[in-house]
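Read the structure below first, then the notes.
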Amino acid sequence: MKAAPISVKMLQEHKQEREARRRLAKKNYDIYLLLIPGVLFIIAFRYMPMYGYITAFQDYNIFAGILNSTWVGFKHFSALLSSPGFYNVLRNTLIISFGKLIFTFPLSILLAILLNEINITPIKKGFQTALYLPHFLSWVIVAGLVVTACAPSTGIINLVVKFFGGEPVSFLMDNNWFRAVVIVSDAWKEVGYGAIVFIAALTGINPELYEAAKVDGAGKIQQILHITIPGMMSVIVLMFILKLGSVLNANTEQILLLYNPTVYETGDVLGTYIYRTGITHMNYSYATAIGLFEAVVGSFMIFTGNLICKRATGRSIW
Amino acid sequence: MEQTSRHTGRPKNGKARKVHTLRIKKSLDEKIVSGISYLFITALVVVMLIPIMHVVSKAFSAEWAINTGSVGIFPVGFQVNSLLYIIQSKTFIMAFGNSMFATVVGTLCTLAVTAITAYPLSMRHLPYMKGILLIFVFTMYFTGGIIPTYLLYSMYGILDTRIVLILPGLINVYHMLIIKNFYEAIPESIIESAQLDGASSFRIFLRLVVPLSKPVYATITVFTSVILWNDYFGPMMYINNPNLKTLPLYLRDMIARANDTQALSMLLVEKNLSAESITAAAIVAATIPILLVYPFMQRHFVKGITVGSTKG
Amino acid sequence: MKSRQKTPALMLVLVMVIALLCSCAGGTQPPASSTAPASSAPAQTASEDKPVLKALVANANIDWNDPEANPVLAYLTEATGYLVAYDPLPADNPADKLNAIISAGTDYDFVVISASISGANVLYAQYASQGALLDLKPLVEELAPNIVDGIDQSLWDICTVNGTYYAVPTANPSGRDDTANIDYGIMVRTDILEKMNAKMPTTLDEFTALLEDYQKTDPMGNGDMNVPLTATIANLKELRLNAIGGAFGVETDWKDVSGALVPYQTQDGFYEYLEYMNDLYSKGLLDTEMPVNQGATTLEKFTTSRALCRLDGYWAVPSLVETFGTVSPDASFEFIQPLEKSGLAGSGTKTKNQIAGYTVIPKNAKNVEATIDYLNMKLDPEIFKVATLGEENVDYTVDEKGAFYPILPTFFEHRGNAGNYATGTNQFNNDYWLCRARKDENQYAAYCRLNYDYGSFIKVDPSTDVPCDVLAKISADISVSNTVTEEFIVNSVVSGITRDSFDAFVTDWKAQCGDKLITVYNEWYQNR
């Protein structure tokens, strides 16, 4: 027998632990009560429809229903993974998503910090409102603006390039530039709105900490580094992990409106590939399988992200 | 905290010279950062505003100007017909009302339920809380398909009612995590002292946690109301009754109508409207109400947590 | 403090009250369930003993239930005695919602699956073969003589599934009795031609020479901002079908070669066509910004006299006339004929049996006989005529040849949206449609130019007669084919084409979808 001898003492300790936990739970029963509406809701509206995932393993026929559709196992998943161009598309999706994470995410934080430095309240409020306006434009409009701005002969960007003596570039037809256009235009649209949550977090920092630091001789930069950023850290970690989870949802709508066959190589992402080839059109099983695939990857990303953040910074979502 | 004398700037403990030099450095430092902030933000605001002004100008420009690309930041050939075309119909007013209702009621309900649910989940030390949290988080990525969800709502009998605009989105786990994060940042000492005073958990929540959480509630109010106001998929899928249509649906219809050049070019030509100006006018009509939410909420973005409120 | 807390609460209440008032502005309280009719206090009255019918229709950008905006609705209600409550599908992705509604076992009295829903044929075929719809053949033959008389057998053939039909088809009207319309052509600025002392090109070589001449002589003084021929990616399709493809024999997607259907992708003419287009592109004769152009961009280039030529449909003419009238009153433009080369020329179109909508009855509909009665009454020749055209001498006039001419503006006020309410056709539909085409003399002139003056060029694509159940088998492959082909076309035009790249494409296309398409199409075509 290789198992370590289980002493009576250990058993008793386990039992005591469980009892202690139960007592703690009972003592705080009123807190658990607060959970009831939420849990009921989540079961009724989120868990109930999950039976739909079964269709990912069938050739689902919406009239036959789940019970009468034929089973095909992992056929759709292997079809997805072996479709021509899938890995290229996956790669583009990840590159663009991480590009956004590296570019736009810090920019939102920076924006919140700098806005915090503006003390004239009406100006601050005015700027805040102006900065989050682009979020409300739909991509149909913004894409139109981007296309106009990037036009090789008349677009404003190329006019500036020509002014400085450069050669005009057809940004939306150039594989070297397309991803940059996607990331920067997405940043234009979202950086202001994304800063809101950080602005809210900044209000939670005790102003007396700043006073103390000033008297201790800390400069502005040091104050930002040692008070502001640590004060926002838990929100930064949270938002970072959450964004990691949506890594496969790279801007399908945006790219659909901006891309064309000459930049499919770098710009085609999972969503646009699926839309364009129409492989899920009328094929609900395939669409569900892809959704399941994305869900698995997404949850894997946040679990991993959460774990890494826990080890690295001590903070995590759970 | 070191005390400095107001008259001479010399600290009372005698380290005169050093503090004086540091003081100059500090104000320079502050000024530089302040200056950079203003510069950077102003530049950003200009970059944000100019394209928006261009879009809004198109809403008020004449067709020939738009067709020849002559519209810059200000309207050319000013006209309000596009906007009137959008808002003058009975259907617009109805859709507007429906959106208002769904947004206001939905935001209130969602905020209440999400804020309450986030509170227990912020108490990580309680048994089973982590597991329950994961139950919620799981649903962030795993959802049912379009058809199963539709069939389910059909079974619940909520299709084609006002409730279907509000109920299914009642808890947004993403937002709940943000609120939970905020709760966790509240100093334990405050809560513990209230607990020692014998307050029940709900009372602590209502009287202590809620007032302190105004910034995050304001944030989530903004997020939720924007999502509800702009929601296209929900009303599109689950509502058939044209009387319950919300604004995004109405606007999409108007834009599609304007782009339907085959059937209606005559109509548009008579009224001197172009599809693009109608689209732009639709955006103006849809966006202005929701833009007002954030400024209203801004006053709640105040410093709420202060040391020293540990008194019972 | 207390008053400050009260104000936001008060405001909230105010907002809610306004919201409720606005949403009730429609007139009636919204029904609690989806079984009650959705209408906004209709002014018309229906007969007492006839049930109110509920219909699900595709969004045609109108207020379906408003009799003031759509007088045809008032007329139909009065003439048939049936009140119909319409629920429109959304403009985006209507197929998803339609699928959900049908699969949930809806009880709409009838559903119109209009061609504006992409894949309408396939949807109809799938619903029919899966048993979601009622078999209409016995019902129509017994109860609806107008429908039997009015609709041509070739249309019934298209919606036959498993030997019977489940829909009442509405034909897509055409100004031509023998084919579908030609909608597109290359427009050229005739005033610039005059300046250049050039004439309208009729052959491909003349066209190329014209573009080169324009680029070289720069008659409008644009310098290097000149764009002889501007286009978008979407335009490439019609450039092939209606303007240039004919010179290479690829003016239709499928051709009958010795009794078999052959796709254009495999033909040599397709290679030569792409070679030609790439030549234009690399010389700058075809807009180098083509891949990123939008309709609005090319319009701008055309109206600011940078572009000499542009592809568009005849319905765009009135708006162009208006714009030019304001911006450059001396401008004039015309459609170029389909271009010829070595005796080859053509403008491709579909057969006349194109279906604009399938009117179906779901399995669980409650008022089946009433619905059939209603549909039948609508196809009564007199009712159909008045519903489509309105009142004689109020809305339209008839000339001595029997052609219909609209009286403006009343024709469009009264019958502008009439086509949306159509559930079925009869043999006069094309004549009635011409009345609508005559609404603007410039537009009608453009239409005539494309369809009558250039009528000798028209070639029909025989594959467009295919019945829905065959189409349902290959809809996924068609979708893949379109994607793969478009990608190849754009890359070839922009970057060039070689025999090798073409052969590689054909092999790839055949493997992914082409072989299946060729087999299925020919199986049907050779056995009809």
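The values are calculated or read from the model by the stated rules, or taken from the named source; none is laboratory data. Keep in mind it's a predicted model, so treat the numbers as computed, not measured. All Cβ positions, even for glycine, are placed from backbone atoms using ideal geometry, and neighbour counts span all protein chains on display.
Worth pointing out:
- Selection count, the stretch C:410-450, where residues are surrounded by fewer than 18 Cβ atoms within 10 Å (Cβ to Cβ), at pLDDT below 90 and among the small types (Gly, Ala, Ser): 0
- Residue pairs whose Cβ atoms lie under 7 Å apart, separated by 6 or more positions or on different chains, with the first residue in the stretch C:426-447 and within 12 Å of chain B (Cβ to nearest Cβ) and farther than 16 Å from C:Thr410 by Cα and the second of a type in the set (D, E, K, R) and buried (at least 19 other Cβ atoms within 10 Å of the Cβ), are C:Tyr444/C:Arg438.
- Inside the stretch B:58-74, residues that are crowded, with 20+ Cβ neighbours inside 10 Å and over 20 Å from C:Gly295 (Cβ atoms) make up a count of 1.
- Close contacts from the stretch B:187-215, counting a first residue that is more than 11 Å from every other protein chain (Cβ to nearest Cβ) and a second that is at pLDDT below 85, with Cβ to Cβ under 6 Å and a gap of 6+ residues or different chains, come to B:Ser189/B:Thr310; B:Ile190/B:Thr310; B:Ser193/B:Thr310; B:Ala194/B:Ile204; B:Asp197/B:Gly312; B:Leu208/B:Ala194.
- From the options A:Ile43, A:Ile54, residue that is surrounded by fewer than 16 Cβ atoms within 10 Å (Cβ to Cβ) and in a helix (DSSP H, G or I): A:Ile43
- Filter result for C:Asn242 (out of contact with any helix residue (DSSP H, G or I) (no Cβ under 7 Å at 6 or more places or on another chain) and not aromatic (Phe, Trp, Tyr)): yes
- Close Cβ contacts (under 9 Å, 6 or more residues apart or on different chains) running from residues in the stretch B:57-69 that are within 7 Å of another protein chain (Cβ to nearest Cβ) and on the phi > 0 side of the Ramachandran plot to residues that are assigned to a helix (DSSP H, G or I) and among the charged types (D, E, K, R) comprise B:Gly69/C:Glu300; B:Gly69/C:Lys301.
- All of (1) surrounded by fewer than 19 Cβ atoms within 10 Å (Cβ to Cβ); (2) farther than 19 Å from B:Val293 by Cα; (3) at pLDDT below 90; (4) at the interface with another protein chain (Cβ under 10 Å from one of its Cβ atoms) hold for A:Leu110 with one exception: (3).
- Residues that are buried (at least 20 other Cβ atoms within 10 Å of the Cβ) and either assigned to a loop (DSSP other than H, G, I, E, B) or within 11 Å of chain B (Cβ to nearest Cβ) (or both), drawn from the stretch C:68-78: C:Asn70
- Any chance C:Pro362 is over 24 Å from the mean Cα position of the chain (by Cα) and within 14 Å of chain B (Cβ to nearest Cβ): yes
Listed here are the residues, each with its yes/no results for (1) modelled with pLDDT of 90 or more; (2) among the β-branched types (Val, Ile, Thr).
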position: B:Gly106; (1), (2): yes, no
position: B:Ala112; (1), (2): yes, no
position: B:Ala118; (1), (2): yes, no
position: B:Leu126; (1), (2): no, no
position: B:Val137; (1), (2): yes, yes
position: B:Thr143; (1), (2): no, yes
position: B:Ile163; (1), (2): yes, yes
position: B:Pro168; (1), (2): no, no
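Conditions (1) in a helix (DSSP H, G or I); (2) farther than 25 Å from C:Asn367 by Cα, marked per residue:
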{"position": "C:Val111", "(1), (2)": "no, no"}
{"position": "C:Ile117", "(1), (2)": "no, yes"}
{"position": "C:Asp135", "(1), (2)": "no, no"}
{"position": "C:Leu139", "(1), (2)": "yes, no"}
{"position": "C:Val148", "(1), (2)": "yes, no"}
{"position": "C:Trp156", "(1), (2)": "yes, no"}
{"position": "C:Asp177", "(1), (2)": "no, yes"}
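- Cβ-Cβ under 8 Å pairs, at least 6 apart or on other chains, the stretch A:32-53 side within 7 Å of chain B (Cβ to nearest Cβ) and closer than 16 Å to B:Phe142 by Cβ, far side assigned to a helix (DSSP H, G or I) and aromatic (Phe, Trp, Tyr): A:Ile42/B:Phe136
- Test: residue in the stretch C:79-100 that is over 22 Å from B:Tyr250 (Cα atoms), surrounded by fewer than 21 Cβ atoms within 10 Å (Cβ to Cβ) and among the β-branched types (Val, Ile, Thr): no
For (1) assigned to a helix (DSSP H, G or I); (2) at pLDDT below 85, each residue gets a yes or a no:
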position: B:Thr149; (1), (2): yes, no
position: B:Asp160; (1), (2): no, no
position: B:Ile171; (1), (2): no, no
position: B:His175; (1), (2): yes, no
position: B:Glu192; (1), (2): yes, yes
position: B:Phe202; (1), (2): yes, yes
position: B:Pro211; (1), (2): yes, no
position: B:Ala218; (1), (2): yes, no
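- Counting only helices (runs of 4 or more DSSP H) that sit completely within the stretch A:233-318, those holding 3 or more residues that are in contact with a His (Cβ under 9 Å, 6 or more places away or on another chain) correspond to A:284-313.
- Residue match in the stretch B:208-222 (condition: surrounded by fewer than 19 Cβ atoms within 10 Å (Cβ to Cβ), more than 27 Å from B:Asp160 (Cβ to Cβ) and of a type in the set (Val, Ile, Thr)): yes
- Restricting the first member to the stretch B:227-252 and to residues that are touching a residue at least 24 places away in the same chain (Cβ under 8 Å) and part of a helix (DSSP H, G or I), and the second to residues that are crowded, with 20+ Cβ neighbours inside 10 Å and among the basic types (Lys, Arg), the beta-carbon pairs closer than 6 Å and six or more apart or on different chains are B:Met237/C:Lys97.
- Test: residue in the stretch C:215-226 that is within 29 Å of A:Tyr259 (Cα to Cα), in contact with an Asp or Glu (Cβ under 9 Å, 6 or more places away or on another chain), in contact (Cβ under 8 Å) with a residue 24 or more places away in the chain and in the same structural domain as C:Gly313 (by TED's automatic domain parsing): yes
- Summed over the stretch B:136-147, residues that are over 16 Å from A:Ile241 (Cβ atoms) and within 7 Å of chain A (Cβ to nearest Cβ) total 6.
- Being small (Gly, Ala, Ser) and either closer than 30 Å to A:Val181 by Cβ or more than 10 Å from every other protein chain (Cβ to nearest Cβ) (or both) is a condition met by at least one residue of the stretch A:4-16.
- Among the candidates C:Ile478, C:Ile489, C:Ile497, the residue that is in a loop (DSSP other than H, G, I, E, B) and within 14 Å of chain A (Cβ to nearest Cβ) is uniquely C:Ile497.
- Within the stretch B:114-133, residues that are more than 15 Å from A:Lys26 (Cβ to Cβ) reach partners that are in a loop (DSSP other than H, G, I, E, B) and at pLDDT 90 or above with beta carbons closer than 6 Å, at six or more positions or on different chains, in the pairs B:Thr114/B:Ile171.
- Given (1) outside any helix (DSSP H, G or I); (2) more than 24 Å from A:Tyr259 (Cα to Cα); (3) free of Cβ contacts under 8 Å to residues at least 12 places away in the same chain, index of the condition A:Pro84 fails: (2)
- Residue list for the stretch C:451-507, restricted to those being among the polar types (S, T, N, Q) and either surrounded by fewer than 17 Cβ atoms within 10 Å (Cβ to Cβ) or over 25 Å from C:Glu272 (Cβ atoms) (or both): C:Asn451, C:Ser456, C:Ser475, C:Ser479, C:Asn482, C:Ser495, C:Thr498, C:Ser501, C:Thr507
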